[in-house]
1. Of the residues that sit in the range 8-21 and are at pLDDT 85 or above and charged (D, E, K, R), which one is surrounded by the most Cβ atoms within 10 Å (Cβ to Cβ)?
2. Given the structure, is GLU143 touching a strand residue (DSSP E or B) at 6+ places or on another chain (Cβ under 9 Å), open to solvent by 20 Å² or more (accessible area, probe 1.4 Å), more than 28 Å from GLY33 (Cα to Cα) and in contact (Cβ under 8 Å) with a residue 24 or more places away in the chain?
3. Output the number of residues of the range 224-234 satisfying the condition of being surrounded by fewer than 17 Cβ atoms within 10 Å (Cβ to Cβ) and either over 20 Å from LEU268 (Cβ atoms) or touching a helix residue (DSSP H, G or I) at 6+ places or on another chain (Cβ under 7 Å) (or both).
4. Could you grab me the full set of residues in the range 40-49 that are open to solvent by 40 Å² or more (accessible area, probe 1.4 Å) and assigned to a helix (DSSP H, G or I)?
5. Would you say ALA109 is of a type in the set (A, V, I, L, M), more than 20 Å from ALA189 (Cα to Cα) and either at pLDDT below 95 or open to solvent by 40 Å² or more (accessible area, probe 1.4 Å) (or both)?
6. Just to verify a result, which residue in the range 22-32, among those that are in a helix (DSSP H, G or I) and out of contact with any helix residue (DSSP H, G or I) (no Cβ under 9 Å at 6 or more places or on another chain), is surrounded by the most Cβ atoms within 10 Å (Cβ to Cβ)?
7. Could you check how many residues of the range 96-113 are part of a helix (DSSP H, G or I) and within 22 Å of the chain's Cα centre (by Cα)?
8. Being part of a helix (DSSP H, G or I) and buried (at least 16 other Cβ atoms within 10 Å of the Cβ) narrows it down to one of LEU68, LEU60, so name that one.
Amino acid sequence: MDIVLSRRGGGPLRDQLKAQIELKILGGEIQAGERLPSVRALARRLKVHPNTVSAAYRSLEEAGHLELRSGSGVFVRPSGPRLPQEARDLDEMMRLALMMALRKGYSGAQVRNAVERWLAAAPPDRIVVVDPSREMADLLVCEIADSLKQPASSVAIDDLERHPAVVSGALAAALPYHVETVRRLVPGAAIFRLTLEVSPEDRAAVLALPVGAIVLVVSHSPTVLPFASVLIRSLRGDDVLVEARPLSARAEWQRLLRAADAVFADVLAYPEVRRGRPRRVREVRFIPKPILAKMADAMTVVVARTSVE
């Protein structure tokens, strides 16, 4: 920091120091957030008393230019929020987002076109579940459509790569380990991160089973079966015998149905399993209610329909 003080009629040294630092801040030579030399370090460099530097720093702090952080040093105070999440209101958030786009290298025309797309946008008209497994996607679609009463469909990741416009105007929903793939394939899509869990009630039902019980798990999705088996064994160890079968293997699970002390079936398997009249059957759902509530909220947010065309 280049500062020259005049001891021959230039006015009080404190005022000279304050004025020069202030000009460097206003001119951009010293950036917001930059750390200034400590009081003692600057005093030694300029050959002035530390009180002179301390007084100049305090005066600049009172003027709103500096921030004196105890134990950390002296920093140039930001002139205002620089990131959207630091904005004080919606208008400031929008302004900061637009300025960030310009700093990233987008032209003014590109920014205006993007704004026009979003002004013409509307809330999603449907939910599209993206998953490599068609059966898993079908299961998630059924839970979502039944709970939210919203149009829902599914698409395999391979199909999405060939036809990205399938999610245009929709809210794309994917499990956490598929979100980045969907974002890469369709950069402009609105993506909802789906998380799954076994409810406390279902866990309690497993824990309540007697020792030696036979537990049958039936799912439309083969992906669910190994996870269900591991979960039950983690809760009960060898206390219970676990049998897991896909819904498509009807002969197998029907043969086990009468012997099972408890049957757990997903939302797609449950109606058919119940018709077999097991002694005890429980419908299991994997999307937690708070996640469904967040998805319902996401359906009220606008999405740009032309961004994935």
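The values are calculated or read from the model by the stated rules, or taken from the named source; none is laboratory data. Since we're looking at a predicted model, the values are computed, not measured. Because the Cβ atoms are built from the backbone with ideal geometry, glycine has one as well, and the counts that use them run over all protein chains shown. Ligands, DNA and RNA are stripped out before the accessible areas are found, and what is left, the full protein with its side chains, is counted by its heavy atoms. Shrake-Rupley method; radii C 1.70, N 1.55, O 1.52, S 1.80 Å.
1. In the first step, residues of the range 8-21 are kept if they are at pLDDT 85 or above; the result is 12-18, 20-21.
Imposing the further condition that a residue be charged (D, E, K, R) reduces the set to 14-15, 18.
Working: ARG14: 20, ASP15: 14, LYS18: 22.
In this case the residue turns out to be LYS18.
2. Working: touching a strand residue (DSSP E or B) at 6+ places or on another chain (Cβ under 9 Å): yes; open to solvent by 20 Å² or more (accessible area, probe 1.4 Å): no; more than 28 Å from GLY33 (Cα to Cα): yes; in contact (Cβ under 8 Å) with a residue 24 or more places away in the chain: yes.
Against the criterion (touching a strand residue (DSSP E or B) at 6+ places or on another chain (Cβ under 9 Å), open to solvent by 20 Å² or more (accessible area, probe 1.4 Å), more than 28 Å from GLY33 (Cα to Cα) and in contact (Cβ under 8 Å) with a residue 24 or more places away in the chain), GLU143 does not qualify.
3. Summing the residues that are surrounded by fewer than 17 Cβ atoms within 10 Å (Cβ to Cβ) and either over 20 Å from LEU268 (Cβ atoms) or touching a helix residue (DSSP H, G or I) at 6+ places or on another chain (Cβ under 7 Å) (or both) in the range 224-234 gives 3.
4. To start, the set of residues in the range 40-49 that are open to solvent by 40 Å² or more (accessible area, probe 1.4 Å) comprises 40, 44-45, 47, 49.
If the condition is that a residue be open to solvent by 40 Å² or more (accessible area, probe 1.4 Å) and assigned to a helix (DSSP H, G or I), then ARG40, ARG44, ARG45 are the ones that fit.
5. Details: of a type in the set (A, V, I, L, M): yes; more than 20 Å from ALA189 (Cα to Cα): yes; either at pLDDT below 95 or open to solvent by 40 Å² or more (accessible area, probe 1.4 Å) (or both): yes.
So ALA109 passes the test.
6. Of the range 22-32, the ones in a helix (DSSP H, G or I) are 22-26.
Now narrow it down to the ones that are out of contact with any helix residue (DSSP H, G or I) (no Cβ under 9 Å at 6 or more places or on another chain): 23-24, 26.
Values: LEU23: 11, LYS24: 19, LEU26: 11.
Here the answer is LYS24.
7. Going residue by residue through the range 96-113, those that are part of a helix (DSSP H, G or I) are 96-103, 108-113.
Now restrict to residues that are within 22 Å of the chain's Cα centre (by Cα): 96-98, 100-101.
So the count comes out to 5.
8. Numbers: LEU68 fails: part of a helix (DSSP H, G or I).
So the residue among LEU68, LEU60 that is part of a helix (DSSP H, G or I) and buried (at least 16 other Cβ atoms within 10 Å of the Cβ) is LEU60.
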